[in-house]
Every structure is written in structure tokens, then in C-alpha cells.
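As C-alpha cells, the structure follows; a few thoughts come after it.
The values are calculated or read from the model by the stated rules, or taken from the named source; none is laboratory data. The shown structure was predicted, so the numbers you read here are calculated from the model rather than taken from an experiment. Methodologically, a virtual Cβ is constructed for each residue, glycine included, from the backbone with ideal geometry; neighbour enumeration extends over all protein chains shown. To get the accessible areas, we keep the full protein, side chains included, count just its heavy atoms, and leave off ligands, DNA and RNA. Shrake-Rupley method; radii C 1.70, N 1.55, O 1.52, S 1.80 Å.
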Amino acid sequence: MKMLTNILSSVLRPKGAAGQLWGQGSAALMWTDFWELSMRALAPFMTAVRGAGGSTNNEASFETRPYKLHRLDEPPQASTTCTRDDALLYYRQMQIIRRLESASGNLYKEKAVRGFCHLYSGQEAICVGIRGALRPEDSVITAYRDHGWAYVMGCSVVGVMAELTGRSQGVARGKGGSMHMYTKNFFGGNGIVGAQVPVGAGVALANKYLDRKAICVSLYGDGAANQGQLFEAYNMAKLMNLPAVFICENNGYGMGTSVDRASASVNYYTRGDYVPGIWIDGMDVLSVREALRYSIDYCTTGGPSGHGRGPLVLEVATYRYHGHSMSDPGTSYRTRDEIQEVRQTRDPIMLFKDQIVSAGLATAEELKKIDSEVRKEVDDAVKIAKTDKEIPIQELAADIYVNPQETTIRGCTPYDPYTHQRIRKVINLH
Amino acid sequence: MDIHYIFFVKYHVEGIPIKMPSLSPTMLEGTIVQWAKKEGDPIQPGDVLCDIQTDKAVVAMDIEEEGTLAKILVCVDVLGALKAGVFGKDGDEDEGVSFMEELLEALTDMGTHYTPEVKESNQVTPHSSPAHHRDTGLGSEKVEVKEHSAGLAMCDSETYRITHTLHMSHDDHASASDQQLAVTVATTHEEDMVQLQKEELENIGKESHSLESLPTVPEHLDSIHEDHQLAGPTRIMPIEAASQIDPHPIDLTSDLTEIQRENLENFATETTETATDFYNVTEEYYEASQEEIEKDLLECEEREVEQGGADYLAAVGASSVPQLPDDSKDIKVGTVIALMVAEGEDWKDVEMPSTEETGSTPTPPTEETPRKAAEAEAGHGGVDYNHTTYLTLPVALQLKTGGPVDVSIAVATPAGLITPIVRGADTRGLEDIAATVRDLATRAKANKLKLDEFQGGTFTISNLGMFGIREFSAIINPPQCGILAVGGSRLVPGASLCQSLAGSHVGIHTKQLRY
């Protein structure tokens with residue numbers, strides 16, 4: 001109000017050069033000018049968060065995309081409900097991951113991030129959908145395309161970006177980098193192709209052994225799906241009836257090899273053979289979430305002991321927009337038109353946005369507001385990541401062992417050893 | 001009292017800077033070869049913004065943001081585009097399209113900024129210099145370079161005579177986004193020039209000298225396009241730089257003294273003698289040595305091609321050379337190359353960045369090549385103070401030509417090899433010679449030699465030791481009587497400096513050849 005009176009008094013005062021705009025004193029002031037001025041002054045107060053568009057529902061039901069089954073009789077549910085809070089959460093998470101990956105790419109091109117950087121753009125629906133179904137006690141292990149997973153499993157955006165730039169606020173204090181991010185019930189972040197799947201089976205074994213009634217989700221790509229150790233893991237998981245869910249994120253290309261040129265059988269959900277499987281459309285968040293709810297139920301209930309019917313192999317069909325890593329432009333084995341076509345027609349964020357807006361769970365303005373908040377959050381995180389300090393060299397020997405038997409760690413030569421330090425709290429210890 | 005309150009709405013859109021990305025792990029600089037978007041074009045995530053020439057390849061830069069391209073701050077590097085072969089077209093060998101026409105077509109395709117306009121004229125050449133007109137015999141065709149024009153010139157790599165120019169003049173009144181550059185192409189009478197060159201060369205020596213027998217630089221090293229046969233090897237450089245070079249005169253007979261002219265005629269008339277007879281060596285040895293000469297020449301040429309335009313501009317004086325519109329130098333990774341605005345904002349209102357934003361790019365360590373290290377060690381102009389100047393005096397004293405002995409010292413400049421002369425070297429002291437050599441070399445590198453300082457001469461000393469060449473044989477520059485080629489020195493027990501002495505038997509007593 002004070003602002004308005006100031007403006008009005010300034011306008012209505014007779015003046016010299018600037019006053020020619022308004023004529024000779026207040027008499028020449030048009031009511032339209034007054035209206036325009038006051039609207040401009042009051043503009044910040046007029047945009048309301050609620051009620052700017054129509055009314056919003058609190059819950060809506062959606063149809064899931066069709067599934068394909070292997071050795072299973074009943075599919076996951078054909079329709080699911082989603083609350084408004086969940087919808088906004090999923091949208092926000094997907095947008096953060098999209099912007100996070102884009103910022104990581106830019107940081108890499110500025111040479112602020114070194115080493116490897118594998119981007120998850122286009123596949124956000126998988127991690128957000130799976131996380132939406134997991135319970136706090138469930139574990140996840142994935143490969144090197146893990147920035148999105150690190151975020152949804154609990155690492156902050158600053159933590160992820162600072163880890164990429166190798167600074168002390170990173171989730172692994174900057175020592176890990178892109179491929180080695182860890183947090184509670186998230187086992188990384190693994191560099192070797194396909195190495196995480198047997199480890200994931202092991203985590204499932206631990207869960208069963210400790211009677212936790214928790215599952216372990218092990219993710220791998222279509223390129224890793226032909227690795228031998230995966231089939232060994234399937235065998236042991238089936239034999240021991242482990243609560244393991246093996247998920248293949250099929251984005252159509254290994255590094256640069258399309259699935260048709262790499263695999264004799266491209267139905268990755270059937271590769272478990274004796275292990276039942278489900279094919280899921282990975283561009284729809286709610287379908288993924290529903291399939292995981294089904295899987296959790298399958299792995300923790302029923303069966304001979306009543307504690308689960310054994311492992312499952314899921315295949316989630318998705319697409320990645322960037323190249324395999326930052327050294328791959330991504331256009332030498334596929335056309336730009338193909339990438340653009342997927343971006344225009346099957347983008348997961350766009351599809352989910354259309355769903356929830358047409359169902360009335362949220363308005364377009366709200367979502368736009370979330371977009372700008374997300375952008376700001378990621379930009380701030382980038383600034384912090386660029387300017388944060390690095391850890392001192394003595395931390396090379398910190399947090400190596402949980403229970404060190406000897407605290408003297410050899411350095412580059414035997415004559416300058418380091419002393420083992422404990423800096424962070426231990427996580428993921430049974 | 002009137003207090004003036006000016007109530008206005010200032011509507012400024014902050015532009016999102018787009019920086020030069022590092023598209024490969026080793027890339028530190030790049031040049032823009034082609035813009036795929038114009039100012040005002042909408043940008044979708046995943047669109048290609050521009051093609052960038054990195055150290056290895058031409059890579060497309062795509063962009064993840066959504067918005068509108070507001071301002072392009074860096075224009076295309078035409079020179080870089082030429083080198084990158086952006087103007088290449090596949091499969092039109094049958095069309096017989098000339099190189100310049102193709103260049104024009106490609107410039108049209110490249111974007112809105114170029115409206116090419118072919119103008120047939122023979123009015124092209126550099127700033128006049130009296131020396132140029134005196135020696136070439138081409139007549140006094142003086143041309144004025146258009147004021148405020150930038151452009152590219154294609155010149156013959158040996159003589160630096162300009163054959164084609166590409167003028168780009170921009171309207172100073174228009175803003176950068178409204179620039180319409182008119183490209184005019186002017187050609188010289190190419191065939192006439194080639195003809196004149198041939199005639200001049202024929203005048204020097206009679207039947208023994210023909211164009212084919214003289215050593216030439218392999219064409220593929222200099223011509224930008226393999227598909228197009230240009231008139232001799234060419235270089236492409238900014239026109240102002242090209243116009244400041246004094247073209248090497250072809251007429252070598254203007255400054256000869258009586259004795260030298262006589263010697264030359266005598267040498268030229270003895271046509272029956274072949275190289276094998278003269279050198280008293282076998283065919284195979286001769287051919288092998290010819291191959292070595294060609295190889296050395298090739299290596300020198302490759303190094304020159306590598307150094308490229310940037311060094312050249314430095315030699316000519318880059319500050320005085322007007323650049324092509326905006327930037328034709330390499331752009332460092334992290335500099336802002338364009339501005340875009342977010343979706344929904346008016347791109348015309350973008351404000352220019354006041355300070356250049358630099359990312360946290362680490363400064364790379366400077367690359368030390370053996371040549372650079374040797375040059376730094378050798379000091380100035382590639383002249384090895386130790387060997388060449390020490391040799392000048394005794395060589396001068398040995399030669400008894402009946403007149404003053406003028407020893408030419410071979411100096412490597414970015415423009416090529418040039419041989420400034422130390423006049424009367426037999427009567428001067430060592431320090432004097434050293435000082436003269438240093439002065440000549442510095443000025444040669446800066447292209448400030450007077451004509452009589454490199455024309456003429458009795459004997460040449462060429463030193464390629466600092467480039468790692470162990471030994472080489474040099475070709476005599478007629479009408480000089482000999483050339484001493486000094487290779488690199490090494491500390492080897494019992495061995496000495498590798499030098500090869502080529503001399504015409506005219507004017508040098510046979511005994512003096514043993515050194």
C-alpha cells in the first residue's frame with residue numbers, strides 16, 4: 001500500500017521534463033494510466049499459488065501401460081491411483097534429475113568435472129517410479145549411470161554435484177566421483193559393467209539371512225545383460241529363493257551398439273529363463289511404480305516359506321538422450337531425428353505432466369513454478385560445487401576400513417605413511 | 001521545488017550465456033565453423049547450435065536449454081572453415097566448379113550473414129610498394145584495397161602474389177545482428193601471371209632450366225582442396241596480412257654484377273653436364289640425396305603449414321591487421337559465444353554481458369616442442385649464433401671472387417625461408433657480423449627487410465641444425481656460387497659438424513671445397 005501511494009503521489013505531482021509524459025499536472029492523467037500503474041505495482045501481490053487456475057483434485061486414478069509377462073499368470077494392476085502430493089513429488093524429482101544431468105554435462109564441458117560422466121536424461125521415470133514403490137528398508141544397487149539414483153535415494157543435489165566436481169561437500173567427500181556415490185541402502189555407483197548384479201544378489205541374500213523382509217533391486221543395462229555373472233546371479237537367486245529384483249534398463253543402445261546388433265534375444269525380461277519376468281514401459285512413471293509394487297509383493301509374500309516367491313527379472317524400456325558418456329556425442333550410431341522424435345513424443349516428464357494436468361491433480365502454473373524452483377536449486381548447487389574446497393591429502397587414508405586392524409596406511413613410498421582416520425559415519429553395515 | 005520522479009518500466013532480460021564447451025578431453029580452444037541457428041530462432045532441448053572445429057574434428061554442439069537464441073557474439077571463422085574443409089562437396093568432380101564459386105556457394109549456405117556478389121575485376125593487389133613494381137615486370141597495376149574491408153586473400157605460397165581475394169565489407173551502422181556482409185570476389189589474370197612467371201624463369205637460364213626441374217613444394221600440402229587444381233600451391237590468409245608482404249621477386253637477374261652475369265651465362269650454357277657428372281657420384285647416390293632433399297623440404301613445409309596463420313599474423317604485426325568480423329582467432333574453452341533467453345522472454349531485449357565470464361578452466365601447461373625449445377635456446381630468428389656466424393667469416397675469407405663477398409644467412413621466418421645478406425663479410429670482424437646477423441634476422445621475422453638486403457649475395461649459409469636435422473644438402477640459389485648447409489651438431493667422440501658444401505665450380509677453386 002505504501003508503494004502504491006508513493007507511486008501515485010509521484011505521478012500526480014506536476015513536473016518538468018518527465019512530466020511531459022503525463023501532460024500538465026493531474027488533469028491529463030488518464031484513468032487507464034492509473035490502472036496500468038497500479039496493476040504493475042500490485043503485480044507481485046496478485047499471483048496466487050492456489051486458485052489461479054481451476055480447482056485441483058486430491059487424488060486421481062490412471063491406467064497403466066500394458067505389461068508383458070514371462071512365466072507369470074497375473075500382471076501388475078491395470079490401474080493405479082496417485083495422490084496430488086505424490087504427483088508433485090514425482091514431477092519435482094524428475095525435473096531435478098533432468099536439470100541435474102544437464103548441469104553435469106555443462107560442468108563437464110567446462111572441465112570442472114573430470115573423468116567419467118554418464119547422464120541419465122530420458123530415463124528419469126525409472127528411478128522415480130521405482131523409488132515411489134520402495135519402502136525405506138529396501139536396497140538398490142546400480143551401475144555407473146547413477147546420478148539420478150543417488151538423488152532419489154537421498155543424496156542432496158549439492159551432494160551429487162560436489163561429488164562430481166570432487167569437493168568436500170560431495171556424498172563421498174569428493175573421493176568417488178561420478179561412478180561412486182553411496183548413501184543409506186544405496187550401494188552405488190559401480191564402474192565395472194555388470195559387476196553390481198551378483199553384489200545385488202548378495203545384498204538380497206543378506207536381507208533374507210537377517211530376516212529383514214526387504215528386497216534388493218539390482219539394475220543393469222542392455223549392454224550388461226549379456227554378461228555371464230548375471231546368469232550366475234539368476235541361478236543362485238532362484239535356487240536360494242532370494243528377494244532379488246533384477247531390472248534391465250533397456251535404452252536401446254549399449255555404448256554405441258544397438259540391441260539388435262548386440263543380443264540374440266532382445267527380450268531381456270525372458271533372459272532369466274526359469275526366473276519369471278515382466279516387461280514395463282519405462283516412460284510412464286506410474287506403470288513403473290505399479291510394477292515394482294507388484295514385485296515387492298511377489299518377493300516378500302507367498303511361496304513355500306511364506307516369505308517370498310523368489311527373484312524376478314524386469315525389463316524397463318526407456319531411452320537416453322545423451323550419448324553413452326561425455327566423450328560420446330551420441331549421434332554416430334543414431335540420428336538426431338530419432339532423439340528429437342523421442343523427446344517430442346515420449347518424454348517421460350512431458351507425459352507425466354500431461355497426465356496430471358488433465359486429471360486435475362495440478363495446474364500448469366504450479367508445475368511451471370516447480371520448474372523455476374528446480375532450476376534455481378540446481379544453479380545454486382552448481383555454484384556451490386564449483387567453489388567448494390577440496391579435501392586435504394591426508395584424507396586419502398580416511399574411511400578405508402570400518403574396523404582398522406592397523407592404522408598406518410602406506411603412502412606412495414614406504415617412508416611417508418598416512419594414518420587411518422574415521423571421518424564419516426558408517427552406513428549400510430548390517 | 002520540483003522533484004523529478006521518472007516513472008518508467010525498465011525491461012531488461014538477462015541473457016543466459018552459452019560458453020564454448022570442451023567437446024573432447026584434450027580440447028582447449030576451438031573455432032566456430034558454422035552456426036546452425038540464427039538470432040531469434042527458438043531452441044529446443046537437443047538442438048544443434050553450431051559446428052565447432054576442435055583440435056581433432058568438427059563436432060556439433062547441442063544444447064539442453066529451452067528458449068530463444070538472442071545474440072551471437074562470435075562469428076564464423078572463415079579461415080577455419082576453409083581449413084576444416086567445410087566447403088567440401090562430394091562428387092562434383094564432373095562439374096568443373098571452380099574453387100571460388102564453391103566457396104561462394106558455401107558461404108551462402110552458411111547463414112544469413114553473407115550475401116555473395118561476384119565481381120569480375122582485375123583490381124586486386126596489395127598496397128603498392130615500389131620494389132614490387134620494379135621487379136615483377138607486371139606493369140604498374142595499382143589497386144586500392146577497399147577501406148574498412150576485411151577479407152581473405154589467396155596467394156601463391158612461394159611468391160606471395162595474390163591471386164584471389166574475398167572482400168567482406170560490413171555496414172558500420174547496422175548492429176551485429178543486422179549485419180549483411182557483402183562478399184565480393186575479385187580475380188586476377190591468373191593465366192597471365194603464370195605465363196609471365198614462366199617467361200621470366202626461362203630468361204634466366206636457357207634450355208637447362210625448365211619449371212619441372214626446379215624443386216617445388218608438393219601441391220597437396222598447400223592447396224586447401226584436393227579436388228581443385230589451383231594455379232600452383234596457395235596460401236589463404238587475411239587480406240591485410242597478405243598485402244603487407246613484399247612478394248618475393250622472381251626476377252633474379254636485375255642486381256647481378258658483370259662477373260656474376262657472366263658466370264651465370266657460362267653455367268647456363270653447359271647443358272650437357274648432368275648432376276651425376278658434376279658431383280662425381282653414382283646415380284643411386286644422387287637420387288637418394290634428392291629424396292632426402294625432398295623429404296627435408298617436406299618437413300619444413302609441414303612445419304610451416306602447422307604454424308598457420310596465427311604465427312604469421314604475429315610476425316606481421318597482429319595489432320595493425322584488421323580482423324574479420326568479430327573473431328577469427330581460436331576461442332578459448334569457457335568464453336561466452338552466444339546469449340540465449342529463457343522461454344517466454346523477448347530475445348530482443350537481452351542485455352549484453354558487461355564482463356567476460358570465464359569458467360573455472362584450469363590453465364594448461366604450455367606445450368614445449370623440441371623446435372620451440374630449440375628456438376628459445378637459439379634466440380632469434382632461428383639463426384644459430386654459434387655456427388652460422390662463426391662460419392661466415394672463414395667462408396668469406398676463403399672465397400676469392402674478386403669483389404666483396406656477400407654472404408647470405410638463411411633465416412626461417414613464418415613467411416618462409418629468406419636469406420638476408422651480410423655485405424662484405426670478408427672485411428668485417430666477427431662481432432660485427434654477429435650483430436648484423438642478429439639484426440637482419442629480427443627484421444626478417446618482422447618482415448621489415450629492404451629489398452637489397454636479401455637480393456644478391458655471393459654465398460649462402462643455411463643452418464637447419466636447430467630443427468633436429470642431422471645433415472642435408474641445399475640447392476644453390478643462382479647466381480650465387482655456392483651454399484653451405486650446416487646440420488645439427490652432437491657431441492660424438494671423433495666426429496665433427498656435418499656439413500655439405502655445394503658449389504658451382506665457377507668461381508671456387510676445387511681445393512676450397514674441402515672443409
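Here is how the numbers come out for the structure above:
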quantity	calculated
Cα gyration tensor, segment A:78-221 - rounded (a/c under 1.5), prolate or oblate	oblate
For q = 0.17, 0.18, 0.25 Å⁻¹, Debye-computed log10 I/I(0) when each Cα of segment B:407-486 counts as one equal scatterer	-0.67, -0.75, -1.35
Nitroxide proxy distance, nm - points 7 Å out along Cα→Cβ at B:Arg423 and B:Glu262	2.3 nm
Phi to ³J(HN,Hα) by Karplus 6.51 cos²θ - 1.76 cosθ + 1.60 over segment B:439-445, Hz, x for Gly, Pro	5, 4, 5, 4, 6, 5, 5
222 nm mean residue ellipticity, helices alone, for chain A (DSSP H n ≥ 4; -39,500 (n - 2.57); rounded to 500)	-12500 deg cm²/dmol
Full-stretch length increase - B:His12, B:Lys348 - with 0.36 nm per residue and alpha-carbon distance subtracted	120.0 nm
At least 27 Å along the helix axis (C-alpha) and Kyte average at least -1.0, DSSP helices within chain A	A:84-109, A:364-387
Rounded FRET efficiency, nearest 0.05, which uses the C-beta distance separating A:Gln421 from A:Asp297 and R0 of 41 Å	0.40
DSSP bridge orientation in segment B:407-486 - percent antiparallel, rounded to nearest 5	40 percent
Projected label distance in nm at B:Val48 and A:Ser372, using a 7 Å step from Cα toward the beta-carbon	3.5 nm
Theoretical FRET efficiency, 1/(1+(r/R0)^6), r = Cβ-Cβ of A:His307 and B:Asp55, R0 45 Å, to 0.05	0.15
Solvent-accessible area buried by pairing B with A, both sides, nearest 100 square angstrom, 1.4 angstrom probe	2400 Å²
Residue among A:Gly303, A:Gly411, A:Gly228 with the largest mean-square fluctuation in a Gaussian network model of chain A, springs linking Cα atoms under 10 Å	A:Gly411
Residues whose placed amide H lies under 5 Å from that of A:Ile409, excluding near-sequence neighbours	A:Tyr418, A:Thr419, A:His420
Order of exposure, largest accessible area first, which applies to A:Val266, A:Val157 with probe 1.4 Å	A:Val266, A:Val157
Accessible area of chain A divided out per residue, in Å², using a probe of 1.4 angstrom	47 Å²
Segment A:Arg346-A:Glu390, length gained on full extension (0.36 nm per residue, minus Cα span)	11.8 nm
Accessible area of segment B:407-486 divided out per residue, in Å², using a probe of 1.4 angstrom	36 Å²
Distance between modelled label sites at A:Ser156 and A:Asp73, nm, 7 Å Cα→Cβ extension	5.1 nm
Along principal axes, Cα extents of segment A:263-359, largest first, whole Å	51, 41, 22
Cβ-derived FRET efficiency at R0 30 Å, A:Met240 paired with A:Val266, nearest 0.05	0.55
